[in-house]
1. Going residue by residue through the range 35-43, is there one that turns out to be under 21 Å from P66 (Cα atoms), within 12 Å of the chain's Cα centre (by Cα) and of a type in the set (A, V, I, L, M, F, W, C)?
2. Any idea how many residues of the range 12-31 are surrounded by fewer than 24 Cβ atoms within 10 Å (Cβ to Cβ) and in contact with a strand residue (DSSP E or B) (Cβ under 6 Å, 6 or more places away or on another chain)?
3. Among the residues in the range 154-174, are any acidic (D, E) and modelled with pLDDT of 95 or more?
4. Out of the range 38-82, which residues are aliphatic (A, V, I, L, M), closer than 21 Å to G135 by Cα and surrounded by 18 or more Cβ atoms within 10 Å (Cβ to Cβ)?
5. Please list, ordered by first then second residue, the pairs with beta carbon atoms under 8 Å, 6 or more apart or interchain, first in the range 159-184 and at positive phi, second crowded, with 19+ Cβ neighbours inside 10 Å.
6. Residues that are among the basic types (K, R), out of contact with any Lys or Arg (no Cβ under 8 Å at 6 or more places or on another chain) and closer than 30 Å to L206 by Cα: does the range 126-141 have at least one?
7. So, in the range 222-239, exactly how many residues are in contact (Cβ under 8 Å) with a residue 40 or more places away in the chain and either closer than 20 Å to V7 by Cβ or of a type in the set (V, I, T) (or both)?
8. Considering only residues of the range 1-11 that are touching a strand residue (DSSP E or B) at 6+ places or on another chain (Cβ under 9 Å) and of a type outside the set (A, V, I, L, M, F, W, C), which is surrounded by the most Cβ atoms within 10 Å (Cβ to Cβ)?
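The values are calculated or read from the model by the stated rules, or taken from the named source; none is laboratory data. Note that the structure is predicted; figures quoted are calculated from it, not measured. Positions of Cβ are generated from backbone atoms using ideal geometry, with glycine treated the same way; all protein chains shown enter the neighbour counts.
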Amino acid sequence: MKLKGRVAIITGASSGVGYATARLFAREGATVIAAARRHDRLEHLVAEIAAEGRQGFSIPTDVTSPGQVQRLADQTLSLLGRIDMLINCAGGVMKISPVEQFTDAEWRAVIDTNLSGVFYATRAVVPQMKRQREGTIVNLGSRVGRVGVANISPFSAAKFALAGLSQSLAQELRPYNIFVTNVVSGMINADLAPLNPDESLRRRLLTTEDVAQAILWVCTLPPSLRVDELPIMPRQVDL
């Protein structure tokens, strides 16, 4: 098992890439702290992990709330005494519209979920990782954080900013043996609302398990190797 004895906080764990990553990390021996807003789905996830003889805990968390995110880190330390990995998967497009049709509240919701939540979570776990003198932080970025796409400007802006945040954190934290990777993903066949691609396109997209495997690879690199950014794309689709 590649992650035996390691502790991983995974946000957005109730569905999509976060869920797939939690399942995979648990199978590889990590103790998983599953964080998301939907308590019932977290409990289902933890039950599935336990059924396979692995260990996981659910801590319902809204990543847009700094207080809740700090509580997530504090409870993890109280339970397990360390934090080895932070996997920031919480996020979403939320709305597809011309820019003038986004309200202030909708703008803030997209930015807070996809960007501010990563900042809050990183700020909460870094002090412990510095004490340990080691840690891995993986942020789930997007191709639209490199190439802007019409009608999802808040999401694209958040992912562009996430790339910059990831680069800055990588330089800041490297002296403490803490490594940050931005996984720049193409389109994933997950909960794609409000997108509604047809089934033939869905079958050609990345799966959540594909992305989870990429995140696992980042978290199991040889000690002599670092990856600051990892672009991953479907083989046959430029989305």
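1. Looking through the range 35-43, at least one residue is under 21 Å from P66 (Cα atoms), within 12 Å of the chain's Cα centre (by Cα) and of a type in the set (A, V, I, L, M, F, W, C).
2. Counting residues in the range 12-31 that are surrounded by fewer than 24 Cβ atoms within 10 Å (Cβ to Cβ) and in contact with a strand residue (DSSP E or B) (Cβ under 6 Å, 6 or more places away or on another chain) gives 1.
3. yes
4. If the condition is that a residue be aliphatic (A, V, I, L, M), closer than 21 Å to G135 by Cα and surrounded by 18 or more Cβ atoms within 10 Å (Cβ to Cβ), then I59, V63, V69, L72, A73 are the ones that fit.
5. Close Cβ pairs (under 8 Å, with a partner that is crowded, with 19+ Cβ neighbours inside 10 Å) amount to N177/G135.
6. Scanning the range 126-141 turns up no residue that is among the basic types (K, R), out of contact with any Lys or Arg (no Cβ under 8 Å at 6 or more places or on another chain) and closer than 30 Å to L206 by Cα.
7. The total comes to 3.
8. The residue in question is T11.
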